[in-house]
Amino acid sequence: MEQQRLWTRDFVLAFLVNLTMSLTFYLLMTSMAGYAIERFGAADSVAGLASSGFIIGALIARVFAGKYLDFIGRRRMILGALVVFVACAALYVPLTGVWAVIAVRVVHGIAFGAGNTAVMAAVQTIIPPARRAEGTGYFGTSTTLATAVGPFLAVVLAQQLGYAAMFLACAVFSVAGLVMALGLRLPERTPTEEERADRWRLTLTSIMDLGALRIASVMLLTGLAYSIVLAFLATHTAQLGAPDAASAFFILFALVMLAARLLVGRIQDRHGDDVVMYPIFALFTLGLVLIALADSGWMIVVAAVPMGLGFGSLFPSAQAIAVTVTAPHRVGLAIATFFIMLDLGTGLGPVVLGTLVPRLGLSGVYLICAGLVVLAAGVYYLFHGRSRGGRPVTHG
C-alpha cells in the first residue's frame with residue numbers, strides 16, 4: 001500500500017511551497033492598484049496595469065514553461081522562480097516610478113507562471129494515479145487558503161502598518177517557500193532525443209497539449225463567468241445598498257470551497273467524472289442566477305454556498321481530468337495549457353463582459369455568465385463526458 005500514500009513528505013512540502021507563492025500572489029493582487037495610486041498618483045488605468053501586469057507575466061511564462069519544464073528541471077524551475085520572488089518583493093519599496101513597478105510586476109508574474117506550472121506538474125507525479133482527483137483536491141486547498149488569507153492580510157498590513165510591511169510579508173513568504181523548496185525531492189524526466197531535436201521549434205502542439213485543451217476550454221468559459229464575480233460583486237452589492245455583503249460572500253465562499261475540495265476528489269476517483277462534474281456545473285449556474293436576481297444582501301451571501309460548491313470544486317476536478325487524459329511525458333504541457341485558458345478567461349472577462357454592463361446592467365451580465373457555465377457543461381459533454389462516459393483515464 002506504500003504506493004497509495006498521499007500525504008508524503010514531498011507532497012506536504014509542495015503544498016507549503018504553493019501556499020507561500022499563492023499568498024504572495026493574492027497579497028499583491030489585492031493591493032497593488034491602491035499602492036500605485038497612493039504612492040505615485042497613478043491614473044486608474046495605469047493602476048490597473050500595476051495589478052494585472054502580474055497576470056500578463058504569468059501568461060507569458062506558461063506558454064513556454066510546459067515545453068521547457070523537463071529541459072530545465074522541475075525542482076530547478078521552482079527554485080529559480082522563488083529566487084526571483086524574493087528579489088521582486090525586495091525591489092518594490094525602493095522603486096521611485098510606477099512604470100518601474102509595473103515592469104517588476106511583469107517579471108514577478110513570469111516567475112509565478114513558471115514556478116506555479118512546475119509545482120503543479122511536479123505534484124501530479126507524486127500523487128498515486130488511483131487517488132488523482134482526491135490528491136489534486138487536497139493540494140488545491142493550498143490555493144484556497146491563500147484566497148481567503150491573502151486579501152485579508154493585504155488590507156490589515158497596508159492599513160495598519162503601511163505598504164512596506166506588506167512587501168516585507170511577501171518577502172518572508174517567498175524566503176520560506178524557497179527554504180522549503182530546497183528540501184523537495186521530485187522525480188525528474190529526461191527529454192527524449194526527438195524532443196531535444198525539436199527543442200527550439202515552437203508549434204501549437206509543442207507549447208500546448210491538445211488533449212488537455214479540450215477540458216481547458218471548459219475553464220476558459222467558466223473563468224470568464226467567475227471573473228465577473230471577482231471584478232464586480234462589490235459594485236453590485238453597493239448598488240443593492242448592502243456593501244458588507246461582498247466581504248461576507250467571499251468569506252463564506254472560501255469556507256464552502258475548502259470543505260468541497262476535501263470531499264469531491266474522493267467521490268470523483270471512486271465513481272467517475274460525470275458524477276461530480278454535472279452537479280458542479282448546476283451549482284455554479286445556480287449561484288450566478290441567485291446573484292443576478294438578488295434584491296438584498298442576504299441573497300448575495302446565500303449564493304456563496306452553491307458558488308463555493310460549484311466553482312470551488314470545478315478547478316481541482318477539471319485539473320485532474322486534464323492530467324489523466326494526458327500522457328505522462330506531457331503533464332507539464334497539460335498543466336500549462338489548463339492554466340493558460342483559465343488565466344485568459346479570468347483576465348479577459350472583466351474587459352469583454354464589462355462592456356455589456358452599461359447596456360444590460362450587472363444583473364443581466366450575471367445571467368449571461370450563467371449561460372456561459374451551461375455552455376461549458378455542453379462543451380464538457382462533447383469533449384469528455386460523451387466519449388468516455390465521464391470515466392477518468394489513468395496513465396501509468
Residue check for GLY137: in contact (Cβ under 8 Å) with a residue 24 or more places away in the chain and assigned to a helix (DSSP H, G or I): yes
Tally, over the range 70-88, of residues that are modelled with pLDDT under 90 and either farther than 19 Å from PHE15 by Cα or not in a helix (DSSP H, G or I) (or both): 4
Positions within the range 224-249 being within 24 Å of MET341 (Cβ to Cβ) and among the aromatic types (Phe, Trp, Tyr), in sequence order: TYR226, PHE232
Residue match in the range 31-40 (condition: aromatic (Phe, Trp, Tyr) and within 19 Å of the chain's Cα centre (by Cα)): no
Pairs where the first residue, in the range 346-370, is farther than 25 Å from PHE54 by Cα and the second is assigned to a helix (DSSP H, G or I) and aromatic (Phe, Trp, Tyr), C-beta under 6 Å, 6+ apart: LEU362/PHE232
Qualifying position, being part of a helix (DSSP H, G or I), over 22 Å from ALA245 (Cα atoms), touching a Lys or Arg at 6+ places or on another chain (Cβ under 6 Å) and of a type outside the set (Phe, Trp, Tyr), among ALA336, ALA318: ALA336
Scope the range 275-304; condition in a loop (DSSP other than H, G, I, E, B) and crowded, with 19+ Cβ neighbours inside 10 Å; matching residues: ALA294
Any chance VAL179 is in the same structural domain as LEU19 (by TED's automatic domain parsing) and of a type in the set (Val, Ile, Thr): yes
Per-region count, the range 349-365, residues aliphatic (A, V, I, L, M) and surrounded by 15 or more Cβ atoms within 10 Å (Cβ to Cβ): 4
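The values are calculated or read from the model by the stated rules, or taken from the named source; none is laboratory data. Since the model is a prediction, treat every value here as computed from it, not as a measurement. Positions of Cβ are backbone-derived with ideal geometry, glycine not excepted, and every protein chain shown enters the neighbour counts.
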